[in-house]
Structures are given as structure tokens and as C-alpha cells.
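Each remark here refers to the structure printed beneath this line.
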Amino acid sequence: MIGSCHRPVTLCRVWHLQRLVGAILALAAAILLLVSPFFPLFIGHVTARAADFTMTIDGWGFDTDAPQRVGAVAVNAYGLIFAAVLLFVGTILTFVGARNAATPSNRRIAATGMGIVTAFTLGVAVTVLPQLTNWVDTFRSTGLANASVDTSVGIGFWMMAAGTLVALAASVIAVLPFRDREPETPPYGIPMPVQSEQPPSSGS
């Protein structure tokens, strides 16, 4: 049954478990977006008779061990970090909305906030995706005979993509109309009134 909880009892009394899962997903998305600019988005390697070099692109620019360093790439780190900061704000809102004591207003704010934050995160990811396809298409061994070119998508891009998908999942959970936890059933199934026994009064 949705919203039912059997153990641990203390956790169930404080949190609505489905909404708590959404808050944890929002936190995971924020962490993934925050660290993604520090890992490679794209890696290209050229091997030839006269040259052997690698180019690595991350959120801050590019680095290469080639003899000449020419050109520039877009700096995506600021957008990704700002999206991560917004996701941390959304995480706080969703944790507030995940409490059993949360009001309908708290939950509406959490759902609206996560929706806005996720939309921004998706927009940032959409701007990086065409850059990646452009890097793959333009990385060529121009002027090098018998050259071998190897390109790969870096772990930073997969972190960004995973963080965006996890944020979408957290946003969906935030807007789903879960039933609240039902009150606990007494041990005998039906609450019975307790009457105190009083000794009969003796007549005078």
C-alpha cells in the first residue's frame, strides 16, 4: 500500500518514505552536477609517425600535450556549478516537503521548486550536448599522414547526464500525489474506550 510503513518505526513517523527517496535523489543529482566540471567531458587522442598527443576538454576549457596549443572551447563549469547550487536548494525544499508533518503548502513549494531547478539543469545539459557532438566531429588529424584518431566521451559528461536524469526523477516524485501514511492500528484492531472501575458506593 502506498504510504504504508512497517520499519523502522521512527523513520516512518518522521518521513514520508516516497518523498524522502525523491529528496535523496535530488541530493545525488546536485552532487553529480557539482563534480562533473572537474572531470573530462571529451577526450581525443591522435597517433601518427610524427606525433602522439591527447586533448582533454572539461568544464573549464581544454588541455593538450600537443606541440602547439591553438583555439578555445566554451567554459561550461559556471553553468553546471550554478545548476548544482540550485539543486541543493531544491534538495532542502524536498526534504522539508518529505516530512510527515509537512503542510500541503510545503509540498507545493517543494514540487514547484524542484520543477524550476530541474528545468534549468536540463537547459544547461542541452547546451553541452551539441558541443560534445561538435568536438567529436571536428577532432581530426589534419596534415598528419597515416594518423589514427580516437575520441571518447569523458566521465564528466556522463556525470552531468546522470545528474540531469536523477533530477528529473526527483522532480516527478515531488509532484506525485502520494497518500499520507495511515494511522497506526491498535494491537486489538479496534480502539476501545477504557473505563475506570469504581467500587460501588455503600448506602447509608
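Structure notes:
- Taking 0.36 nm per residue of separation and subtracting the Cα-Cα distance, full extension of the segment from A77 to D65 would add 2.1 nm.
- Using a probe radius of 1.4 angstrom, the carbon and sulfur fraction of the accessible surface of the range 40-112 is 64%.
- Computed over the range 17-175, the convex hull of the alpha-carbon atoms projects to a mean area of 9.2 nm².
- For the peptides 27-39, 151-163, residues were scored by their other Cβ atoms within 10 Å and the scores averaged per peptide; the highest-first order is 27-39, 151-163.
- With the simple spin-label model, which puts each label point 7 Å out from Cα in the Cβ direction, the F178 to A101 separation comes to 1.8 nm.
- Modelled FRET efficiency - R0 22 Å, T133 with T47, Cβ distances, 0.05 increments: 0.45
- Here the dipole of the range 17-175 is about 680 debye; that uses its Cα centre as origin and unit charges on the Cβ of Lys and Arg (positive) and Asp and Glu (negative).
- On a per residue basis, the range 17-175 carries 50 Å² of accessible surface, using protein heavy atoms and a 1.4 Å probe.
The values are calculated or read from the model by the stated rules, or taken from the named source; none is laboratory data. Keep in mind that this is a model prediction, so the values were computed, not measured. Cβ: placed from backbone, ideal geometry, glycine included. Neighbour counts: every protein chain shown. The protein model used for the area step is the full one, side chains on, heavy atoms only, and it has no ligands, DNA or RNA in it. Shrake-Rupley method; radii C 1.70, N 1.55, O 1.52, S 1.80 Å.
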